[in-house]
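Here is the structure we will look at, set down as C-alpha cells.
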Amino acid sequence: MEKIERVKRELVHKGAILDIYEDTVRLPNGKEEKWDFVSHRMGAACVLAVRPDGKLLMVRQYRNALDRFTLEVPAGKRDSLDEDTSICAARELEEETGYRAGKLEKMLALKSTVAFCDEFIDVYLATDLEKIGEQHLDEAEDIDIEAYDLKELMDMCYEGKLQDAKTVAAIMAYAARR
C-alpha cells in the first residue's frame, strides 16, 4: 500500500464532546483531497448487564442523530482522559439502570466509526447484579430500562431492529462466549 499523507488539519467546530476537523490529504498519485475527521476526545464504555434470571438489561432512549428512540446497552463517555473505562462502565450501569455489578469483565475494545471518527468504546460484561436503587440520570436524559432474553436480542440484530454498533457487538460477543 502506498502512503497517504495528511498535509493539514483545520478545526471546523469545537463541541462539548466532539471536535470536527477538515483534513487535507495527499494521495499516492499526488492529488489532494478534503476529508472530514471527528475527534471524540474522551472515549467511552458500554456494558451488557446480565441479571440473575439471565435477562439482559437494555436502555431505550432518544437519539437526536436518528430522530428516534433506540434500544441499546448502557453506555457513556469517560469523565476524564485518564479514567479507566471499567470505572466508566460501572458508573453508567448504576446511573442508567440502578444496578451494580458484582463482576465486571472486559469483552471487547472497538472503534465505533473508523471511516471518519476516532471514538473508542470498551465493551464490558456485568454479572452478579444487585439492584441498589433507582436510576440517577443526567438532566437531559430520559431512559427506560427493558430486559430481554439473549435470543430475542440476537433476532433483533439479525432483523435490523438493533443497529447501534456497540450494542450489536456486545450482544454478539456475549453470545459467542456462551
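A short reminder: the numbers here are calculations on the coordinates, not readings from a lab. Every value quoted in this text rests on a predicted model; they were computed, and no experiment measured them. Positions of Cβ are generated from backbone atoms using ideal geometry, with glycine treated the same way; all protein chains shown enter the neighbour counts.
General observations
- Backbone HN-Hα couplings from phi across the stretch 111-126 [Karplus 6.51/-1.76/1.60, Hz, Gly and Pro as x]: 9, 6, 8, 5, 5, 8, 9, 9, 4, 10, 9, 8, 10, 10, 10, 10
- Label separation (Glu10 vs Asp67): 3.0 nm, computed from points 7 Å beyond Cα along the C-beta direction.
- In this simple spin-label model, placing a label point 7 Å from the Cα along the Cα-to-Cβ direction at both Ile17 and Arg51 gives a separation of 2.7 nm.
- Charged neighbours of Glu72, selected by a Cβ distance under 9 Å, balance to +2 (K, R count +1; D, E count -1).
- Helical contribution to [θ] at 222 nm, DSSP H n ≥ 4, -39,500 (n - 2.57), averaged over the chain, rounded to 500: -6000 deg cm²/dmol
- Counting beta carbons within 10 Å around each of Arg9, Arg178 and listing the fewest first gives the order Arg178, Arg9.
- Net charge contributed by nearby residues that have their C-beta within less than 13 Å of Gly30 (K/R +1, D/E -1): -1
- Cα gyration tensor shape for the stretch 44-177, rounded if a/c is under 1.5, else prolate or oblate: rounded
- Square roots of five times the Cα gyration tensor eigenvalues for the stretch 74-144, Å: 22, 16, 10
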